[in-house]
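Written out below as structure tokens is the structure these notes cover.
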Amino acid sequence: MSGFELVVPSLVVGIVLYAAAKRVDIFKTFVKGARENLIVAWEILPSLTALCLAVGMLRSSGAAELISNLLEPLTRLIGLPAECVPLALMRPVSGSGALSMLEELLSSHGPDSFVGRAASVLMGSTETTFYTVAVYFGATKIKRTRQTLPSALIGDLTAFILSALTVRLILGS
């Protein structure tokens, strides 16, 4: 067993020893935390259900492909490969949907291609914005997101543009 494989077991043992030294009832504390997290999960379930439904409809209806085709002249201008546009559209909405699109891109174009590299950087430098906002704001019962969503989407747009530019500057096209 390597040292890396011992990190998680060591962490668990360390937490148990620390709790024992502080005389904390570990089982009671664990059950209390699990109960609180189940309540949070129950409260955000409607938001997550709606989000999953919207993602399924977007992919199945062909709307993502239609939007990609409409945005292709703009993406060509900024240097983002047209093949990455569906990924760029899906990433703020669904991490798992974006991951399956990334897998398709890597399978069809290869991980060492410009498309594969730009898609990988895009995937790693963006967030599932709508999911994150729905989960965190839903868990804290905040109704008005104010500037959070526009700011996060501007950050995603910046990452989309810079992902292709960064790959082109560092690795070439």
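The values are calculated or read from the model by the stated rules, or taken from the named source; none is laboratory data. Here the structure is a predicted model, which means the values were calculated and not measured. So basically every Cβ, Gly included, is an ideal-geometry build from the backbone, and we count neighbours across all protein chains shown.
Screening ASP112 with (1) closer than 18 Å to LEU58 by Cβ; (2) among the acidic types (Asp, Glu); (3) without any contact (Cβ under 8 Å) to a residue 12 or more places away in the chain gives one miss only, at (1). Checked against the criterion of being at pLDDT below 85, more than 19 Å from the chain's Cα centre (by Cα) and assigned to a helix (DSSP H, G or I), segment 29-43 contains one or more residues that satisfy it. Candidates ALA98, ALA134: the one that is under 14 Å from PHE160 (Cβ atoms) and in a helix (DSSP H, G or I) is ALA98.
When you look at SER60, is it surrounded by fewer than 10 Cβ atoms within 10 Å (Cβ to Cβ), part of a helix (DSSP H, G or I) and of a type in the set (Ser, Thr, Tyr), yes or no?
Values: surrounded by fewer than 10 Cβ atoms within 10 Å (Cβ to Cβ): yes; part of a helix (DSSP H, G or I): yes; of a type in the set (Ser, Thr, Tyr): yes.
Answer is yes for this residue.
Considering each of ALA64, ALA88 in turn, give the residue that is at pLDDT below 85, within 18 Å of the chain's Cα centre (by Cα) and of a type in the set (A, V, I, L, M, F, W, C). It is ALA64.
Please work out if LEU105 is in contact with a Leu (Cβ under 9 Å, 6 or more places away or on another chain), more than 29 Å from PRO46 (Cα to Cα) and surrounded by fewer than 13 Cβ atoms within 10 Å (Cβ to Cβ).
On the way: in contact with a Leu (Cβ under 9 Å, 6 or more places away or on another chain): yes; more than 29 Å from PRO46 (Cα to Cα): yes; surrounded by fewer than 13 Cβ atoms within 10 Å (Cβ to Cβ): no.
Against the criterion (in contact with a Leu (Cβ under 9 Å, 6 or more places away or on another chain), more than 29 Å from PRO46 (Cα to Cα) and surrounded by fewer than 13 Cβ atoms within 10 Å (Cβ to Cβ)), LEU105 does not qualify.
Restricting attention to segment 137-173, the residues being assigned to a helix (DSSP H, G or I) and more than 25 Å from SER113 (Cβ to Cβ) number 11. Condition check: closer than 25 Å to ARG168 by Cβ, modelled with pLDDT under 85, among the acidic types (Asp, Glu) and in contact with a helix residue (DSSP H, G or I) (Cβ under 8 Å, 6 or more places away or on another chain). Does GLU127 satisfy that? No. All conditions in (1) at pLDDT below 85; (2) under 22 Å from ILE44 (Cα atoms); (3) not β-branched (Val, Ile, Thr) hold for SER173, with the sole exception of (2). Checked against (1) over 30 Å from ALA88 (Cβ atoms); (2) surrounded by 12 or more Cβ atoms within 10 Å (Cβ to Cβ), ALA21 meets all criteria but (2). Within 30 Å of VAL40 (Cβ to Cβ), surrounded by fewer than 16 Cβ atoms within 10 Å (Cβ to Cβ) and of a type in the set (A, V, I, L, M, F, W, C) - does that describe any residue in segment 134-141? Looking for residues that are within 30 Å of VAL40 (Cβ to Cβ), surrounded by fewer than 16 Cβ atoms within 10 Å (Cβ to Cβ) and of a type in the set (A, V, I, L, M, F, W, C), one finds at least one in segment 134-141, hence yes. Inside segment 72-93, residues that are surrounded by 16 or more Cβ atoms within 10 Å (Cβ to Cβ) and free of Cβ contacts under 8 Å to residues at least 24 places away in the same chain make up a count of 3.
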